[in-house]
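Data first, discussion second: the structure below is written as structure tokens.
The values are calculated or read from the model by the stated rules, or taken from the named source; none is laboratory data. Bear in mind that the values here come from a model prediction, so they are computed numbers and not experimental data. Don't worry about glycine lacking a Cβ; one is built from the backbone with ideal geometry, like all the others, and counts go over all protein chains shown.
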Amino acid sequence: MKTKNNLIKILIPVLSILAAFVIGGIIIVCLGKNPLEAYGFLFKGALGKPSKIAQTLEVASPLIFTGLAASFAYKCGMFNLGGEGQFIMGSIVSIVVSTQTGITGVPAIIISVICGALAGGIWGAIPGILKITRGLNEMIVSIMLNYVATLFMGCVFTNILRDGSVPQTPAVPKESQLSNIADGFRVHYGVVIAIILAVIIYYFMFYTSKGFKLRAVGMNPTAARFNGFAVNKIILAAFICSGAVAGLGGSIELHGKQFRLMQGYGAGFGFDGVAIALIAQLNPIGTVIVAIFFGILRKGASTLQAGMKIPTSVVDIIQALVIVFAVAGTALVRLPQVQQFFRVHFSGKRRGAES
Amino acid sequence: MKKRTGAIMLAVSLAVGTITVPTVSVAAEGDYKIAMLLDSSISDGGWGASCYQAMVDAAEEMGWETAYTDNVATSDFTTVMTDYADLEYNLIFAPGNEYTDAVIQVSEEYPDTYFCLLNGAVETDNVISVMPDAEQIGYLAGALAGLMTQTNNVGFIGGMEIDTTKTKLDSYEAAVKKVNPDINVSSAYAGSYDDAAKGKEIANSMISTYDVDVMFGDASAVDTGAREALADMENKFSIGQPGDLGSADDEVIICSVVTDNAALVKECMEAVEAGEYGNKTVFGNLDDGCLKVGTFSDKLVSKEIQDKYMELVEQIKAGTFIEK
Amino acid sequence: MEAIMNVNFFVQLFLSTIRMATPILLVAMAELYSERAGLVNIGLDGIMSMGALIGFLFGYMTGNPVLGILAGALAGIAVNMIYAFCTITLCAEQIVYGMAINIFAPALASFIYRAYFSDTSTVVQGISMKPVAIPLLSQIPIIGPLFFNHPVLVYLAYLLVPVTAVFLNKTKAGLNFKAVGEYPKAAETLGVNVIRQKYLASTICGALAGIGGAYLTICYTSTYSEGIVAGRGFIALSAVIFGRWMPGGVMLACLLFGFCDAIQIRLQLLSPGTPYQLLQMIPYLCTLVVLVIFGIKKSGPKANGKPYFREER
């Protein structure tokens, strides 16, 4: 029974994604273009050469962090929609450390990244504290804090840390930048950090007693409270960790890819992370896989658009369709009626048959 | 069961196989291609629109092929440029200094691709910077605003506090004060280039708070919204940019300060064709015709003021309007 | 300082408050209906952008603002049906579908705009709904221009508040509707068709959010630009929670937000030296501070955000 479930778990997203591509293909046909050629561009752009794969991983890197941040809080039942704000606050503190303290090189990276994670954690703690002390809804507080963080970042790069006449901060010095994994490949060590972090979170969530408590609170806070768990403390801890992961992501994106803050920095990563975490059903390892898939989609979509000369919005539509279908697919198999259907038709001797 | 899985795998790999060998059409010899990227939309009625139009106009004259990607996120600048470089576009047009870092990075990785950076300050073997004179734009608008105002209050709406906008605001203010030191200038930033509703609101509040009657803006769709607020009232005027937005019987736009980005882009294209690209900055000002005074609304601007204004324009052109 | 010290300043300030609060109010009422039936919909921005585009387009084609607004409502319903089908029938995660709508709908809107007007770079001037002055009442000094000289849609938006309050609290249909968001199983045993009620809620939500979007392109301005929604859906979402899921509270939250935004713009004019980003934070910070002071001990509808499996007994 277990293998069958696992097979379905993998097969359904794959089929859903294919369905999304088919509909996307129909749109492309309607524009008078060849969809096979279009998807050829997509795969070629994302995975065609080792250097392309490297770039795809680099695109995926911040998404892994924000995805992990979202899944961490959601495991505890908390909707942290503030990934973007935490990501940005982490980046702001990091840029201050890396450009204003005079420390350079590896120590700068380490200190800066730690400070970034702390800043993200503090920013993430605010909705947590307001939730447990004042009973405020965490979604609205974290959304408000996103706006505040983005505006504060604007203030930082136009006023406080302005680099000459241009409204952007100075860049992280060369020697403090995260180096690329191999020469000529545009992918930095941040991806490795992201994957290690995912494994650690996976271990923490499923193999430690603290992780168990976190999940217990997420599943049923009332029951957890009756069992004597310090529910409030756990909720706050989940928020802090979630924020810290997002802040760490911001700090790493800053040191590995973008190097400076400017208009539009970090926009959309938080919400993409939420979508990724939910498609991965809050599994940290799954989050990495889905984030990399999103990376492929984003990187490839840009090549597709450039190569086929179709409006940019078409590739956005395809990306949204992938989300719609992937989640609908997984939800579909969890429906009681559908589960019953499986039990009736695929049990007994034919157990293990696909779909 | 194994058999079936195998069959599916085979089918999938076949399908993937067939779609990963696309036929990329190789550009014929002598065919030039230009691509641009944009962080806003090409139909924003302002900056994005005018830059896109500039590229299309220049390409039409030169017989080049064009492509564009708009609404690009900041983190995807390099990705998009790399894509166009990979697709063997000859020239990549990056309209704004926010693309500077990305242009530097990608131009180093693709030495055979040429880049044109608008409002930039990068000069390398394969990058030309193009610089319309923001100061003159501000002077041109300010001088006209100064001549036209009856309430001695004029306004300015910026999108974001970027350096070209700041320069335009500063020189706008200087020019207004030069015409008449008693005129007050109010300014505000919308924090957006596309929130037309906010533009309308800002214009309304400028009028009700300071009795502003002439406005100039550097905020694309936000300006469009501001103009709507002005249109609802009597004797409130707007100065357009960067395209020639007005007409002889316009009710709101008294005149436009026109930036002919097409001429600048064309100059870069010619450099590519001539094979002598790079290491320079192309300036655009009144002198070389890249900046122009647009169409006056004869309904709103009297002949007398028009003549007076053209005198000031000559001074701005000669550099004698405001001595530094 | 003299600029502040006159009556006109305050009249204008409150006028902008009303104008800015109206689209948020419409969309917040949309969300209120949705959440009262247990559906948290964070895809409001997406629905609004479709409403804004289709409303604009129909207004432009027919020259009739009312038709434009109706078209915006229909477009909103159509988009929200994707959300409704996936979250109600398939019981999928509501937050994800909200997100998906937020990616999907603006892209679709931008695509339709390009398809219709091709790669044009000029601003297309649409239709606008003119204010209707209410006879006599609009003649009262100060109060007249403030409350009785607006486009019809503005009156309707504010009228919606008492109507909703009466519906939810005083009518049987409204009580059934609320029960779906609180105790769906109990409602079902009492003969309420939970699934149908939820679809009804989604239809109302789509229509109102679509109208909220159309307000931006038909009443507020008469042009369409990508990104015109500018996060107003998320503000509306906050307003619902802030207003404690009660129509009156939601309206107050929207007005507070509109007021902060109106004051923020004027502060920019009055103090040119201050970084404008700090002033733009005011609406968000104000919301947070008010929330912290008053707190929300009462949480929302009990079954909010939870899928309803009918077969589970």
Quick one: which strands (runs of 3 or more DSSP E) sit completely within the range B:109-217 and have at least 1 residues that are more than 14 Å from every other protein chain (Cβ to nearest Cβ) and more than 22 Å from residue B:306 (Cα to Cα)?
B:114-118, B:127-132
Scan of the range B:69-90 for residues that are more than 7 Å from every other protein chain (Cβ to nearest Cβ) and of a type in the set (Asp, Glu), ordered by number
B:86, B:88
Failed condition for residue C:235, given (1) surrounded by fewer than 24 Cβ atoms within 10 Å (Cβ to Cβ); (2) among the aliphatic types (A, V, I, L, M); (3) under 30 Å from residue B:41 (Cα atoms):
(1)
Residue check for residue B:231: more than 17 Å from residue B:149 (Cβ to Cβ) and either surrounded by fewer than 24 Cβ atoms within 10 Å (Cβ to Cβ) or within 14 Å of chain C (Cβ to nearest Cβ) (or both)
yes
Checking residue C:218 against (1) away from chain B (no Cβ under 13 Å); (2) among the β-branched types (Val, Ile, Thr); (3) in a helix (DSSP H, G or I), the condition it does not meet:
(1)
Say we look at the range B:42-68 and pick out the residues that are without any contact (Cβ under 8 Å) to a residue 40 or more places away in the chain and in a loop (DSSP other than H, G, I, E, B); which of these is farthest from the other protein chains (Cβ to nearest Cβ)?
B:63
Selected residue [within 14 Å of chain C (Cβ to nearest Cβ) and assigned to a loop (DSSP other than H, G, I, E, B)] from A:270, A:264
A:264
Verdict on residue A:205 being farther than 21 Å from residue B:73 by Cβ and either modelled with pLDDT of 90 or more or basic (Lys, Arg) (or both)
yes
Consider only pairs whose beta carbons are under 6 Å apart and that are at least six residues apart or on different chains; among these, list those whose first residue lies in the range A:141-154 and is at the interface with chain C (Cβ under 7 Å from one of its Cβ atoms) and whose second residue is in a helix (DSSP H, G or I) and not hydrophobic (A, V, I, L, M, F, W, C).
A:141/A:127; A:144/C:284; A:144/C:287; A:147/C:284; A:148/C:284; A:151/C:277; A:151/C:280; A:154/C:277
Assess whether residue A:331 counts as being among the small types (Gly, Ala, Ser) and closer than 26 Å to residue A:123 by Cα.
no
Where residues in the range A:278-293 are surrounded by 24 or more Cβ atoms within 10 Å (Cβ to Cβ) and at pLDDT below 90, which of them is farthest from residue A:11 (Cα to Cα)?
A:278
